[in-house]
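Q: Starting off with a structure, shown below.
FYI, it's all coordinate maths here, none of it is from the lab. A quick note: this is a predicted structure, and the numbers were derived from the prediction, not measured. Please note: Cβ atoms are built from the backbone with ideal geometry, for glycine as well, and neighbour counts cover all protein chains shown.
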Amino acid sequence: MMSSSNPNRLNASVRPGRIDRTRTIHATVDGRAVPGRPGDTLASAMLAGGDIEVGPSIQRGRPRGVFSADCTEPNALVQRLDGDCPEPMLPATEIELQDGLRVETLSGVGWLSEQRDTAGYDKKFVHSDVVVVGAGPAGIAASLAAARGGARVMLVDQHRELGGMLLDGQAHIAGHPATEWIGRAARELAENEQVRVLTRATALGCYDHNYLLIAERRADHPDAPPSPTIRQRLWHVRAKQVVLATGAHERPLVFADNDRPGVMLASAVRSYLNRHAVLPGREAVVFTTSDSAYSTALDLLGTGARVPAIVDTRPEPPTRLVEQVRAAGAHVVTSAAVVATGGEHRVSGVRVRGIDGNGSLTEWSAEFPCDLLAVCGGWNPAVQLFAQSGGAVRWDPVVAGFVPSGAGGRSARVVGAARGTYDLAGCLAQGFASGAEAATLSGFRTAPPPVPQVDGDRQASRPRPVWLVPDESRSPEECTEHFVDQQRDATVADIHHALGTGMRSVQHVKRYTTISTGLEQGKSSGVNAVGVLADALSAGSPGEVGTTTFRPPYTPVPLALFAGRTTGRLYDPVRTTPMHRQHVEAGAVFEDVGQWKRPRYYPRGNEDMHAAVLRECSAARTGVAVQDVSTLGRIEIVGSDAPEFLDRIYTNGFAKLAVGKARYGMMCGADGMVLDDGVSMRLAEDRYLMSTTTGGAAKVLDWLEEWLQTEWPELDVYCTSVTEQWAAVAVVGPDSRTVVGRLAPDLDVSAESFGFMRFHETVLVGGIPARISRVSFSGELAFEVNVARWYGQALWEATMTAGSDLDITPYGTEAMHVLRAEKGFVIVGQDTDGTVTPVDLGMDWAVSKHKDFIGKRSLSRPDLVRQDRVQLVGLLPTDTTTLLPEGAHLVEPDVSRRPPVPMAGHVTSSYHSAALERTFALGLISGGRQRIGEVLCAPVGGRDVEVEITSPVFYDPEGARRDGPEQG
Amino acid sequence: MTVLNKVESETAAPETATAARHSPLEHRAAELERRSTSGARGVRLHEEPFLSQINLRTPPGGVESSAVSDSLGLPLPTVNRVSGDEHHAVLWLGPDESLIVAPDGRAEHLLRTVRDAQRGGSGSAVDVSANRTTLRLSGPAAREVLEKLCSLDLHPRSFGPGDCAQTLLGRVIVVLWQLDREPGYRIMVRCSFADYLVDLLLDAMAEFLDG
């Protein structure tokens, strides 16, 4: 009846299974070929081939075997080798068998690859009226009911097909095998366009306001396309209502040598039999505390296996079940427990003792040979998602498990086995009711459909959990082979050790023993640990001990899934100006300024940055140079109160600025500290164009809106961001007038007609409308030419053409920094750090004495008028070639270097200057303006650099260059 | 009093300068064409450059808003709605903020019209035609593409033709405007983000390339 390559595979006539027998596929485990069928898991294929043993245990190297058929697996953990990147710690019970799958078995711990994971991961954001998690009978019923009401429904299940536990059993619904009912339901859901069914998808977390994260596996299974674009997808789902039909997990039993290969959950045995047509053993003892394992025994007997004994802890199991198994050829031992297992790499037999009402062993004993021990310690409702989302659980002594607490609200939408309802009729009834209720509450009024007739499943009688089967000779403290968490090799002795150190809380014991900290996260070990603890503490019930905290993710997922597409070049927006490709063609080296790409310098030939910047600066001071300044922030400020508004925002006055003129402005926070600066133009009586720093644009607009909306709603002012309406170039240098004159033939650019801080509107060559201003951030004669953004490219081209005979030189941010520092112009954020006032910067001239503005009152606080506040000064290293590092601290030359060393200040900007033919710096020095001419020390790299304090204006202090050369 | 300023009045491109204009995505037109697909799971992406756009601020419910509405021949839109059609529309951006959208070359006229209507009252009208470019995303899979980047509910029961929203696609602020049931969308994005947004969208569309 068995095939030779799959000796444990049952014939289709005995068990068809949910597998495709027309195809054979192969995986490789530890270099050995493992054949199987589509529909197999890696574990079921291994079992079909007679392999039950997997990698030895993590700490003690004990032989271990496949223990479960689900995500609670503690032993059969593998490292996947065939994917885009080796992936650690996958349960063989959850991996779908496919051709080419290659794994190695692990001993409880995997390894991280240094290889880059090139597989695709992405995200999807959807909304739903009703999300149903779990597609067992309760979940399917809930989805049907909600969908019939017209709601948008999403049904999520971690397996490849719908059905849940129904696929493991032999139940009938409405007179037909349950699989027919599932098939009809699946079709009905598929045909409803408001329903989305996600299989191979695990709800990882359930958060506030019904927000769920769901991981969908789109690759790594036989139904996947050959090379899918996306391997895994993270669904972000916002639901109006959530129905949790998450099922239950079977508990192991804690007895001596309960970890031997061949010891397997009774439900797993049944799943392998019915779902995969695999018989994991020929001679199986069943050890149970409740009814469900009787179905396993009956299925085993029905497929030709021998069942030497059913060991039940209960004195009086239901007569119906006892008679059923007796009729099938097995007998039940009541009030008994397995106390020991024999065998080495596979269980060969068990020893059974009587167990009395107090849980003590009686004198009665027996031994049974077996190659499989199916255990059932009861069931844990899968309350993880419910508890994560804030639901409380309570111990239910009738079902012997932690169940959702409370009757209404959120708890009402936990259905089926997830709330301890284990009979099929009950699951269907709860599913239909909750689905209809969820649809109704989300606006789709509907009534629950009638529950069909079911058989093959009855309401369970009361289980009798036994948390610890006593050892035949040793005390609990010595139970070092009674495993509670097989993955962590943690035992009853470890729990008692934790208690011996004085711990009582389950949270402490968990962390001390590491129980429940492995891959299964307590799904298998958690409640048993609570039970052992409850016994040891003589607690009335596990409920008095409580559970540890349930946290997402429900099962482990690759971190790459959370990154999604936001890696590499898609990681963060890259902002470019319309002239970007021209900069690229000119060989620019770019600098990141916020999200912007700005040219830092334009090397010619083999120039390094130093040489390029000196050349660019020279061009600006002696010829003509051009910079793309399209990144500057621009805000149009309109309204009859715009003058008053700007007066309040800026430290200096703008209300009296004439139309057609521009002014440099500085703004402070309410604390008097410099916030941003820039030039604003008055376009009309009621209209200004403010410019901001490149990095400050968004912040300044928020700042303006905050004051307008919260403090001064009475002002008639509107702010509109126009940063990207404009493209602009700064044309700088003695020859800039010639270049701009050629660019704007209609404009009189002479010093007399076009004064400093004025602007004019004109039309450039080629018919491009422009606004040209005379502003300078270098001290040189300079113009800023603004055009509509879409003309940016044309503007750059025209400017380069207009200056081609003058060797017009594009310059980057680095040269711009040097040029402005030579003039002592600050950069907000470089020479300021949020603790610096305009007065500290020596910019009292920009602080009005005659009007109120944001920060004004702070500027007169005692701390802000201290004489020893840091002040902006120039710094000249005595050695003209030494470049001070920005950020270097400055100390008095004679000060002791034993910490704490008093600091005099620090360097904020430092450069080589072509104009000065030396290095220079700006810095903030305590009382600096009173110390001009004094010498300080900068301890740098183990030596002292002597630095003279100077005025911050190094170049053209009288401002003679601003209007350019005399025109002849 | 608002003085119409010369530059704004001429961003509507006098004949001579039109050829000098470059849209942020013109260099990617062929690529967008190549990466667009047709069929039952098709999705197409192309740029609609140079649309006229006026940012309009009007105190809600005041005399100014009815004057502006009359001057445009369109009611000002209700929350997250678009008034008009793809050739002449007003999009709701905020309680006192709208975006007027019209074909290329209409900015000057619209600006004058609106400012005339606002004269003597409160409000502003600013030409932002060059501030954003427009992407047109359409085809049966267009919504699925957006759902990878946008956390809004774009299901037809919740977002349909004539709806608009200021939202994020990935980390990019856009104005999203659904035009028709196919579905077809306009995505209006600030020019500096356009290249990056296209990278994001093409990446999200890759799944549909193989049909």
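Q: Helix A:266-276 against the longest principal axis of chain A: what's the angle in degrees, Cα atoms only, rounded to the nearest 10?
A: Here the helix axis deviates by roughly 80 degrees.
Q: Shifting gears a bit: Can you give me the span-like helices of chain B, meaning DSSP H runs with 24 Å or more of Cα extent along the axis and Kyte-Doolittle mean at or above 0.5?
A: In chain B, the long hydrophobic H runs are B:191-209.
Q: Based on Cα coordinates alone, diagonalise the gyration tensor for the range A:25-105, multiply each eigenvalue by 5, take square roots, and list the semi-axes in whole Å, largest first. Walk me through the intermediate numbers first.
A: Details: eigenvalues 67, 41, 26 Å².
One finds semi-axes of 18, 14, 11 Å for the range A:25-105.
Q: Going Cα to Cα from B:Lys148, which lysines come in below 24 Å? Please leave out same-chain ones fewer than 8 positions away.
A: A:Lys123, A:Lys124, A:Lys240
Q: Using the Kirkwood radius built from alpha carbon pairs, what does the Stokes-Einstein equation give as D for the range A:633-721 at 10 °C and 1.306 mPa s, in µm² per second?
A: Numbers: Rh = 12.7 Å.
In µm²/s, the coefficient is 125.
Q: Given the rule -39500 (n - 2.57) for each run of at least 4 DSSP H residues, summed and divided by the residues of chain A, what is its mean residue ellipticity at 222 nm, to the nearest 500 deg cm²/dmol?
A: Numbers: 20 runs with 192 residues, N = 968.
The per-residue figure over chain A is -5500 deg cm²/dmol.
Q: I've got another one for you. Sort out for me the Cα centre separation of the range B:47-74 from the range A:728-752, rounded to whole Å.
A: Cα centroid of the range B:47-74 versus Cα centroid of the range A:728-752: 37 Å apart.
Q: Which peptide among A:892-898, A:730-736 comes first, and what is the full order, when sorted by highest mean count of other Cβ atoms within 10 Å?
A: Highest mean packing first, the order is A:730-736, A:892-898.
Q: Based on the alpha-carbon gyration tensor of the range A:170-274, what equivalent-ellipsoid semi-axes (square roots of 5 times the eigenvalues) come out, in whole Å, largest first?
A: 30, 22, 18
Q: Taking the Cα centroid of the range A:840-891 and of the range A:470-536, what is the distance between the two, rounded to the nearest whole Å?
A: 64 Å
Q: Starting from the Cα coordinates of the protein assembly as shown, work out the convex hull volume and express it per residue in Å³.
A: On the way: hull volume 252.1 nm³, N = 1179.
So the per-residue Cα hull volume is 214 Å³.
Q: What spacing in nm lies between the two simple spin-label points modelled at A:Thr881 and A:Ser896, each 7 Å away from Cα in the Cβ direction?
A: Result: 3.7 nm between the two label points.
Q: Another one. Would you mind giving the mean number of other chain beta-carbons within 10 Å of the Cβ of each residue in B:54-62, as a whole number?
A: So the per-residue partner count for this stretch is 2.
Q: Then there is this: Once the Cα atoms of helix A:813-822 and of chain A are each reduced to a long axis, what angle between those two axes, in degrees from 0 to 90 to the nearest 10, is obtained?
A: That helix lies at roughly 40 degrees to the long axis.
Q: For A:Ala447 and A:Arg32 in one chain, what is 0.36 nm times their gap in residues minus the Cα-Cα distance, to one decimal in nm?
A: 143.9 nm
Q: Which whole number gives the average count of other chain Cβ atoms within 10 Å of the Cβ atoms across peptide A:569-579? Don't jump to the answer; show the numbers that get you there.
A: Values: counts 3, 7, 1, 3, 12, 5, 8, 7, 3, 7, 1.
Counting Cβ atoms of other protein chains within 10 Å of each residue's Cβ and averaging gives 5.
Q: Roughly speaking, what is the stretch gain from A:Thr801 to A:Asp608, that is 0.36 nm per residue apart minus the C-alpha to C-alpha distance, in nm to one decimal?
A: 66.9 nm
Q: Around A:Val679, which amide H atoms from residues at least 5 apart in sequence, or from another chain, sit under 5 Å from its own amide H, with H modelled in the peptide plane?
A: A:Gly665, A:Ser691
Q: Run down the lysines and flag those whose C-alpha is under 19 Å from the C-alpha of A:Lys849, throwing out any fewer than 8 positions away in its chain.
A: Qualifying lysines at Cα under 19 Å: A:Lys656.
Q: Another question, then. Expected output is a single nm value to one decimal: the length gained when fully extending between A:Arg184 and A:Asp956, i.e. 0.36 nm times separation in residues minus the C-alpha distance. What is it?
A: Contour length minus Cα-Cα distance gives 269.2 nm.
Q: Now a separate question. For the Cα atoms of chain A, what angle does the longest principal axis make with the long axis of helix A:609-622, in degrees from 0 to 90, nearest 10?
A: Long axis of A:609-622 versus the principal axis of chain A: about 30 degrees.
Q: Can you tell me how the range A:479-585 classifies by the Cα gyration tensor, rounded, prolate or oblate, using a/c under 1.5 as the rounded cut?
A: It is prolate, given that a/c is not under 1.5 and a/b is the larger ratio.
Q: When only Cα pairs under 8 Å and 6 or more residues apart are kept, what is the percent relative contact order across the range B:80-159?
A: Working: 49 pairs, mean separation 10.9, N = 80.
In percent, rounded to a whole number, it is 14.
Q: Where a Cα-Cα gap under 17 Å defines reach, which aspartates and glutamates qualify for A:Lys699, not counting those fewer than 8 residues away within the same chain?
A: List returned: A:Glu636, A:Asp671, A:Asp676, A:Asp677, A:Glu724, A:Asp833.
Q: Right, something else. Based on alpha-carbon positions alone, could you give the equivalent ellipsoid semi-axes of the range A:90-135 from the gyration tensor, as √(5λ), descending, whole Å? Working shown, then result.
A: On the way: eigenvalues 178, 64, 31 Å².
That gives 30, 18, 12 Å for the three semi-axes.
Q: Can you figure out the FRET efficiency of A:Phe562 with A:Glu114, using R₀ = 25 Å and their beta-carbon distance, to the nearest 0.05?
A: 0.80
Q: Quick one: if you stick a label point 7 Å off each Cα along the C-beta vector at A:Arg160 and A:Ala586, how many nm between them?
A: 6.0 nm
Q: Taking the highest mean first, how do the peptides A:565-573, A:590-598, A:111-119 order by number of other beta carbon atoms within 10 angstrom per residue? If you can, show how the numbers build up before the last one.
A: On the way: A:565-573: 13.9, A:590-598: 17.2, A:111-119: 12.2.
Descending packing order for the listed peptides: A:590-598, A:565-573, A:111-119.
Q: Counting only helical runs of four or more DSSP H residues, what would the 222 nm mean residue ellipticity of chain B come to if each run contributes -39,500 (n - 2.57) and the total is spread over all its residues? Spell out each step's value before the answer.
A: Details: 6 runs with 58 residues, N = 211.
Computed mean residue ellipticity for chain B: -8000 deg cm²/dmol.
Q: Go ahead and run the numbers for FRET between A:Arg918 and A:Asp84, Cβ-Cβ distance against an R0 of 45 Å, rounding to 0.05.
A: The calculated FRET efficiency here is 0.25.
Q: Given R₀ = 22 Å, FRET efficiency for B:Ala206-B:Glu33 by Cβ-Cβ distance, to 0.05?
A: 0.90
Q: Let me ask something else about it. What number, in percent, do you get for the relative contact order of the range A:419-524 if the mean sequence gap of Cα pairs under 8 Å and at least 6 apart is divided by its residue count?
A: Reported relative contact order: 16 percent.
Q: Could you list the trypsin sites (Lys or Arg not before Pro) in the range A:604-677 that lie in coil according to DSSP, counting only those with at most 14 other Cβ atoms within 10 Å of their Cβ?
A: A:Arg604, A:Lys656
Q: Cut-off 12 Å, label point 7 angstrom out along Cα-to-Cβ of A:Thr229: give me the residues of the range B:111-141 whose amide nitrogen falls inside.
A: Answer for the range B:111-141: B:141.
Q: Can I ask one more? Run the numbers on the range A:509-629 and let me know its relative contact order in percent, using alpha-carbon pairs under 8 Å that are six or more apart.
A: Answer for the range A:509-629 is 11 percent.
Q: Taking every residue in B:190-202, how many Cβ atoms of other protein chains lie within 10 Å of its Cβ, on average?
A: 5
Q: Right, something else. Note down the nm distance, to one decimal, between modelled labels 7 Å out along Cα→Cβ at A:Tyr571 and at B:Ser151.
A: 2.2 nm
Q: Here's a follow-up. Report, as a whole number in µm² per second, the diffusion coefficient that Stokes-Einstein gives for the range B:15-140 at 10 °C and 1.306 mPa s using the Kirkwood radius over alpha carbon pairs.
A: Taking Rh from Cα pairs, D becomes 99 µm²/s.
Q: Still on this structure, I have one more. Mind computing the radius of gyration and Dmax over the alpha-carbon atoms of the range A:802-959? Å is fine for both.
A: For the range A:802-959, the Cα radius of gyration and maximum Cα-Cα distance read 17.3, 60 Å.
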